[in-house]
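Participant: Got a structure here, written out as structure tokens. Questions coming.
The values are calculated or read from the model by the stated rules, or taken from the named source; none is laboratory data. This one's a predicted model, so the numbers in the text were calculated from it and none came from an experiment. Don't worry about glycine lacking a Cβ; one is built from the backbone with ideal geometry, like all the others, and counts go over all protein chains shown. We work out accessible area using only protein heavy atoms, side chains counted, and drop any ligands, DNA or RNA first. Shrake-Rupley method; radii C 1.70, N 1.55, O 1.52, S 1.80 Å.
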Amino acid sequence: MSGQGNWNKVEWTASYFLLAVLFTVLIIRLGFASVWILPTLDLVLSWIAFVAVTAAFWFGRKSRPVRLWVIGYGAATQLIPMVIREPVLLLPIVGAAIPVGIIVWALIALSKKGQARPSTGHS
């Protein structure tokens, strides 16, 4: 299998894993909406994200942009309202961005590892 094929498999697996995590977070959050009162905006955004994530399992099968946009939207609907209400939550999110950035950099480096390099003419 080529390097690009390996990268596609990694991306597909990672994006479906993230969709599953978001689906679980949304189910739990909406399940507890009757126990702890959610602000109306949070409730509406969570339901929209839940429908989008659920649909992405089917519609995102062949479309990487659909999966990535739904993951971004789902994460944003969960993080942005909390950070607006409690700005101190931004600190751990920024701290978590460092290892996530390292992982993204490593995945990009791995995706380029298998690609053929142009020959320089030397043996």
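Participant: Could you size up the charge dipole of the chain around its Cα centre, putting +1 on the beta carbon of Lys and Arg and -1 on that of Asp and Glu, and report it in debye to the nearest 20? Each step should come with its number before you reach the end.
Facilitator: On the way: 10 positive and 3 negative charges, 111 e Å.
Once rounded to the nearest 20, the dipole reads 540 debye.
Participant: Still on this structure: Please find, in a Gaussian network model of the chain (springs between Cα atoms separated by less than 10 Å), the residue of Leu19, Leu90, Leu45 whose mean-square fluctuation is greatest.
Facilitator: Maximum among the listed residues: Leu90.
Participant: Return the single residue from Thr54, Thr40, Thr13 with maximal mean-square fluctuation; model: Gaussian network over the chain, springs between Cα atoms under 10 Å.
Facilitator: Evaluated over the chain, the most mobile residue of the options is Thr40.
Participant: Also, quick follow-up: Under a 1.4 Å probe, what is the accessible area of the chain per residue, stated in Å²?
Facilitator: Working: 8970 Å² over 123 residues.
Per-residue value: 73 Å².
Participant: Averaged over every viewing direction, what's the projected area of the C-alpha convex hull for the chain? Give it in nm², one decimal, please. Present the calculation step by step, with values, prior to reporting the outcome.
Facilitator: Working: hull surface 41.0 nm².
Over all viewing directions, the chain projects a mean Cα-hull area of 10.3 nm².
Participant: Let me ask another. For segment 19-81 and segment 88-113, compute the distance between their C-alpha centroids and round to whole Å.
Facilitator: With segment 19-81 and segment 88-113 each reduced to a Cα centre, they are spaced 21 Å.
Participant: Considering the chain as a Gaussian network with a 10 Å cut-off on Cα pairs, which listed residue, Ala76, Ala106, Ala20, attains the greatest mean-square fluctuation?
Facilitator: For the chain, modelled as a Gaussian network with Cα springs under 10 Å, the answer is Ala106.
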